[in-house]
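All of the numbers you see were taken from the coordinates with simple rules; none came from a lab. Just so it is clear, the model here is predicted, and its values are computed rather than measured. Virtual Cβ from ideal backbone geometry, glycine too; neighbours counted across all protein chains shown.
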Amino acid sequence: MFAYLAKRVIQAIAVMFVISLIAFAIQGNLGDPLRELVGQSVSEEVRQQLRDEMGLNDSFVTQYLRFAGNALQGDLGTSYFFKEPALDVILKKLPATLELVFGATLIIVGFSVPLGIYTAIKPDSILSRIIMGLSIVGISIPVFLTAILMIFVFSVEYGWFPSYGRGDTVHVWGYWETNFATADGWMHIILPSIALASIMLPLFVRLIRAEMMEVLQSEYVKYAKAKGINPWRIYFVHALKNTLLPVITVGGVQIGTMVAYTILTETVFQWPGMGFMFLEAVNRVDTPLIVAYLIVVGFIFVVTNTIVDLIYGLVNPTVNIARMGA
Amino acid sequence: MSTETLNPKSEPSRWSKIWNSNMGYSFRRNPVAVLSMIVFLLIALASFLAPVIAPYDPYDPAQIDIMNSEYPPAWVSGSLPEFVLGTDDQGRDLWSTILYGTRLSLLIGICAVALQAFLGISIGLIAGYVGGRLDSLLMRLADIQLSFSTLMVAIIFLAVTQAMFGTDTFNKYAVVFLIAVIGVAEWPQYARTVRATVLAEKKKEYVDSARVLGFGPMRIMVRHILPNSLSPIFVISTVQVANAIISEASLSFLGLGMPPSQPSLGSLISSGFDYIFSGSWWITAIPGVVLVVLVLVINLLGDWMRDVLNPKLYKG
Amino acid sequence: MSLLSVRDLTVKFAMRDQTVTALNGISFDLAKGERLGIVGESGAGKSITGFSLMNLLSRPGYIDSGKILFEGEDVVQMNDKRLRNLRGNRMAMIFQDPMVTLNPVLTIGQQMIETLMAHRKLSREEARQIAIVKLREVYIPSPEERLEQYPHELSGGMRQRIIIAIALLLDPQLIIADEPTTALDVTIQADIMELMLELCQSNQVGLILITHDLGVVSQMTERTLVMYAGRIIEAGRTREIINDPQHPYTQGLINALPQQTVPGQRLKQIPGNMPGLASIPAGCAFNPRCKYATDLCRSRVPEIVQYGEVAVACHEVQRLHSDEDRQEARA
């Protein structure tokens, strides 16, 4: 167990190292920190002096070590635009994005598991055919189009839901303000959550259905039938666990994709999260903020993937965790 | 007896061989596949013939008049007869712009997948054939690459590139950047599947005998092993083209892809989005429908192909 | 009254463009505590017979017609609830490959206890105690620990013992064993067979042993059915069939046994292959491979009739019996 954990953590650190190198390379090549600091009306000598003082003439390794050291202490530079520590800017935006991801995950898990199971158990029923037909349409509509369509129908035409922003949020702790405490907050988060879930949900329905159908053909399910086990127990105890094992792995990968989709969803709904912020930062060439976003998102990816791997190892008895570390 | 009858017609052409094969049979039996194929071919044909079909050239500023902007499609009152699908916010004929835009979307999608396939197949063949450390290193890389979403990598790469080179230079090479980033990011899909086939085929006798006959590894891989991974490659490629088109559209929508002056479907939708509240829904809706139909028929074809070929696809 | 009585059982498979007949009018009986072997090449319909008896065929296979009377009740007509009561309880099954039979994510204990609790009103602890007793019966060392283990932690032989224990959990009247040792190491095969024989005899359990191995049949069973292309072509006491086979196909099977071959000589294989279900020839299905085949064999399906000690489905059995070739072949 310990060896497995250690191996995972070492790999995570290695990936973070590569990300930090990329981030550092971006920082060094994107924009001129001097110009942001003092403008262009400074003589060349003074500029050189400032460069020396800021360590911009140091060797690559020295500069990187300084960058990494600062990053480890939570110092990812100061946003040119907000004039605030970049990490703070992101952390303020993070809860909005996380709540959106949470809402979408609820929708995905809540619907994909029952729909996937149903379509696998009754593959020929009319309802299953409708679900499968809709699912292929679903994976063919890009997230941003779903978002636009929903705004057009539910906000512009019917006016049932607000079309942008977070609405009323309630402060919980630190930078964390939640949408889930007020009715207005709920109204605001529903459409973006559905939009974010829209392409992933059919993907998972299809995945769960395919895995479940494969499992239902397996010898051990046939054997369970031959033992006279109740069909519900066969579906939910014998088949479901085996179905969900590969789904967990894919799910881990999809969390990353979901963060990417938040950028699209947040842009359409002007949701004040880090995806929206990132695009603004790109347009303003706010290098520290871009770099900080890269590192934070990389960190989220690495952490979720490591956690998913660990969960998989714990849930799947055939993965011998102790041996996998070796 | 003339020579014509001696040269028998019973020798089937390659085309009729495909038509009469198992695949051809199931294709004819499946109305959804036939319809999807027809729609796909229509879209592909129309878009590649865009310069011939389109009544206007959306890239030619001389043909664009800003005064013509936001005319609705022909079936809505207030339309102009010369603009069948209406005009966009810059006064371009929407029908022409969509034709050119679809051409760009398809081109980027297909080229990006070709690049993915080339990288993935090469890496997969090498990893599977050489094995050992190189194999585990490459597959580890594939795992890590896969754990980062393509779209995320593409967004960050394009955002940084755009910020670095400035919008003008970026716009000039946007097509190349898009193909490169979508093409590079998805190689593991192919690499894993090809590698799995190589590992399975390597054990078989014919590979040994080819080796004993003194054929080099390149020849064995390309001539003997690769043909056995064709059906999974086909299935993956279809789905990947659909995904690549969606990725391209998403990136362009975010302003990280094709510029408004040379719009793909995604950038067209994006430019229309600003006008959706003022009632000009068609600038977004019509290209949106084209995009969805295009991706949908490709996905339907992919589904059909997976059912017929039923290859063992690598699962994560 | 016999324990099991199968009458004119016909099983079909609905394929995409045609329906093929996998079992064609199978009839046989099994007395209480009797052990019956079903022999044939793969594809002859042995396993399908086994699954049909439990009404466990999965799509596209289905029972087209016929009766399967088990303790007087027709399995074909049973509703789902009756079937569940039958399966694992009165009739148990041992599958071919123990490596894939047990569910990989459930412990041995869970898989044993759920079987007991599906059929009896027992507490979990009572069920556990029964499971331990049954594991002892199949000579599993330290059964308490095994209950906590997952299948992948056990060897193939061990798993098959556990599957036998599960089959015995509810003291069924009949056990159907579908090639129970083919997937196992040769060294373990004999142990498992011996164990099954011992348990069936001591518990008075009926056994239907599906196998392609005539040697196993001769050790394990009292009566034997020989199947070919979905039909029974010879049936009778195992001893008679092994020592004096009547059907040319059975003769061929026996002659192909390594024991029947003089060292240094080639094995006497039956020429040709069994036809696929979609392309069964007219008349006797064996006729293309049979050197005695006549025009009658090529046009009419032979009825199964009593001939001496056994029942046999062959038009030419009389002629064959006086044929010298056969004498020579058996020498």
Q. So for the protein assembly as shown, taking the charge dipole from beta-carbon charges (+1 Lys/Arg, -1 Asp/Glu), which of C:Gln110, A:Met212, B:Ala44 sits furthest toward the positive end?
A. C:Gln110
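In terms of the ratio Rg/(2.2 N^0.38 Å) built on C-alpha atoms, what value belongs to segment C:1-160?
Dividing the Cα Rg of segment C:1-160 by 2.2 N^0.38 Å gives 1.19.
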Q. Of all DSSP beta bridges in the protein assembly as shown, what percent run antiparallel (nearest 5)?
A. 65 percent
**Q.** Within segment A:54-187: Cβ-based charge dipole about Cα centre, in debye rounded to nearest 20 (Lys, Arg +1; Asp, Glu -1)
**A.** 280 debye
Q.
Please arrange A:Val156, B:Val241 by how many other C-beta atoms lie within 10 Å of their C-beta, fewest to most.
A. A:Val156, B:Val241
Q. Hull surface divided by four, with the convex hull built on the Cα atoms of segment A:170-239: how many nm²?
A. 7.7 nm²
Q.
Quick check on the protein assembly as shown: helices-only [θ] at 222 nm, where DSSP H runs of length 4 and up contribute -39,500 (n - 2.57) each and the sum goes over total residues. Nearest 500, please.
A. -18500 deg cm²/dmol
Q.
Please give the charge dipole size of the protein assembly as shown, origin at the Cα centre, charges +1 on K and R Cβ atoms and -1 on D and E Cβ atoms. Round to the nearest 20 debye.
A. 2480 debye
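Using a ≥ b ≥ c from the Cα gyration tensor of segment C:130-178 (square roots of the eigenvalues), is it rounded, prolate or oblate, where a/c under 1.5 gives rounded and otherwise the larger of a/b and b/c decides, a/b for prolate?
oblate
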Q. Which whole-percent values make up P(r) of segment A:84-131 when all C-alpha to C-alpha distances are grouped in 10 Å steps starting at zero?
A. 23, 27, 20, 15, 11, 4
(Q) Which of the three applies to segment B:147-303, rounded, prolate or oblate, going by the alpha-carbon gyration tensor with a ≥ b ≥ c and a/c under 1.5 meaning rounded? (A) prolate
Q: Evaluate the distance, in nm, between pseudo-label points positioned 7 Å from the Cα of A:Asn230 and of B:Met37 along their respective Cα→Cβ axes.
A: 4.9 nm
Q: Mind scanning A:Lys225/C:Lys12; A:Lys222/C:Lys67; A:Lys225/C:Lys134; C:Lys12/C:Lys121; A:Lys122/A:Lys225; A:Lys93/A:Lys241 and naming the pairs with a C-alpha gap bigger than 26 Å?
A: C:Lys12/C:Lys121; A:Lys93/A:Lys241
Q: With the cut-off at 20 Å, report for segment C:167-322 the share of all Cα pairs above it, as a whole percent.
A: 57 percent
Q) Using a simple charge model, +1 on the beta-carbon of Lys and Arg, -1 on the beta-carbon of Asp and Glu, nothing else, what dipole does segment C:46-156 show about its Cα centre, in debye to the nearest 20? A) 320 debye
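Give the calculated FRET efficiency between B:Phe215 and B:Ser26 to the nearest 0.05, with a Förster radius of 45 Å applied to their Cβ-Cβ distance.
0.80
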Q: Just the ratio, please: alpha-carbon radius of gyration of segment A:188-326 over 2.2 N^0.38 Å, N its number of residues.
A: 1.40
Q: Just tell me how shielded B:138-150 is by partners: mean number of partner chain Cβ atoms within 10 Å of each residue's Cβ, no decimals.
A: 4
Q.
How charged is the neighbourhood of C:Gly252? Take every other residue with its Cβ under 10 Å from the Cβ of C:Gly252, and add Lys/Arg as +1 and Asp/Glu as -1.
A. +3
Q. What is the pair-distance distribution P(r) of the protein assembly as shown, computed from all Cα-Cα distances in 10 Å bins starting at 0, with each bin given as a whole percent?
A. 2, 9, 15, 18, 18, 14, 10, 7, 4, 2, 0, 0, 0
Q.
Given an 8 Å cut-off on Cα distances and at least 6 residues of separation, report the relative contact order of segment B:172-282 as a percent.
A. 23 percent
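Note the full-extension length gain between C:His152 and C:Thr182 as 0.36 nm times their separation in residues minus their Cα-Cα distance, in nm to one decimal.
Additional length available on full extension: 8.9 nm.
Dividing the Cα radius of gyration by the Kirkwood radius, what Rg/Rh value follows for segment C:119-243?
1.02
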(Q) Rounded to the nearest angstrom and ordered from largest down, what semi-axes does the equivalent ellipsoid of chain A get from its C-alpha gyration tensor (root of 5λ)? (A) 44, 28, 15
(Q) Give me the three principal axis extents of chain B from the C-alpha atoms, as integers in angstrom, largest value leading. (A) 74, 66, 31
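Return B:Tyr100, B:Tyr59 ranked ascending by Cβ neighbour count within 10 Å, so the fewest neighbours appear first.
Details: B:Tyr100 23, B:Tyr59 15.
With the sparsest Cβ surroundings first, the list reads B:Tyr59, B:Tyr100.
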Q: Could you name the aspartates and glutamates whose alpha carbon sits less than 19 Å from that of C:Lys46, not counting residues in the same chain fewer than 8 places away?
A: A:Glu219, C:Asp8, C:Asp29, C:Glu34, C:Asp64, C:Asp97, C:Asp178, C:Glu179, C:Asp213, C:Glu222, C:Glu234
Q | Debye intensity ratio in log₁₀ form over the Cα atoms of segment A:151-191, taken at each q of 0.18, 0.20, 0.23 Å⁻¹ | A | -0.49, -0.57, -0.68
Q: Work out the charge dipole of the protein assembly as shown with +1 on the Cβ of Lys and Arg and -1 on the Cβ of Asp and Glu about the Cα centre, then indicate which of C:Leu253, C:Ile163, B:Pro287 is farthest towards its positive end.
A: C:Leu253
Q.
Restricted to Cα positions, what overall size does segment C:17-66 have along the principal axes? Three whole-Å values, descending.
A. 42, 22, 18
**Q.** Share antiparallel - DSSP beta bridges, segment C:1-109, percent rounded to 5
**A.** 95 percent
Q: With only alpha-carbon atoms counted, please give the Rg and Dmax of segment C:38-82, in Å.
A: 11.4, 34
Q) Roughly how large, in nm² to one decimal, is the mean projection of the convex hull of the alpha-carbon atoms in chain C? A) 18.4 nm²
Q. Under the Kirkwood approximation applied to all pairs of distinct alpha-carbon atoms, what is the hydrodynamic radius of segment A:109-159 in Å?
A. 12.6 Å
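Using only the C-alpha atoms of segment B:87-210, find the volume of their convex hull and express it per residue in Å³. All intermediate terms of the calculation are to be shown ahead of the outcome.
Values: hull volume 17.3 nm³, N = 124.
Dividing the Cα hull volume of segment B:87-210 by its residue count gives 140 Å³.
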Q) Among all the lysines, which ones have a C-alpha under 27 Å from B:Lys172's C-alpha, if same-chain residues fewer than 8 places away are not counted? A) none
